[in-house]
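The structure under discussion appears below in the form of structure tokens.
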């Protein structure tokens, strides 16, 4: 028997809900979100080395600073060192029974890979106490 779409009694309540437009809307929204989500992930701006003044500075009794200036030169404390000398200093530092915290200080305009290179050098020597210094705004 074929279905008829006109009602005999036009004043009676409709017992069926047409969900086709709702499904169309759901698919349209799904497609819009699938297209826009990758675009949002690619346009995230990051401006790192600034820390809010509300965070409390942790007191460290024993630490050694490794600094990288704007030109990419390495410093062990206040002393300028070459990458090979830095590796030797980290080797001697890793032989301690309880090495202090290594504080990495890098210029904000420096390429991020320079900082990662120093962190890789530290991780190769199984040193795990690392602090990345930032400035308070």
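Structure values in brief
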{"item": "Sorted by Cβ neighbour density within 10 Å, fewest at the top, the residues 17, 104, 116", "result": "17, 116, 104"}
{"item": "Principal axis box of segment 50-136, alpha-carbon based, largest edge first, Å", "result": "37, 30, 21"}
{"item": "Residue 120-residue 20 FRET efficiency (beta carbon distance; Förster radius 41 Å; 0.05 resolution)", "result": "0.10"}
{"item": "Ranked list, fewest to most other Cβ atoms within 10 Å of each Cβ, for 96, 73, 125", "result": "96, 73, 125"}
{"item": "118, 19, 101, 66 arranged by Cβ crowding within 10 Å, fewest neighbours leading", "result": "19, 101, 118, 66"}
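Throughout, read-outs are computed from the coordinates displayed, never taken from laboratory work. All figures in this text were calculated on a predicted structure; none of them were measured in a lab. Every residue, glycine among them, receives a Cβ derived from its backbone with ideal geometry; neighbour counts consider all protein chains shown.
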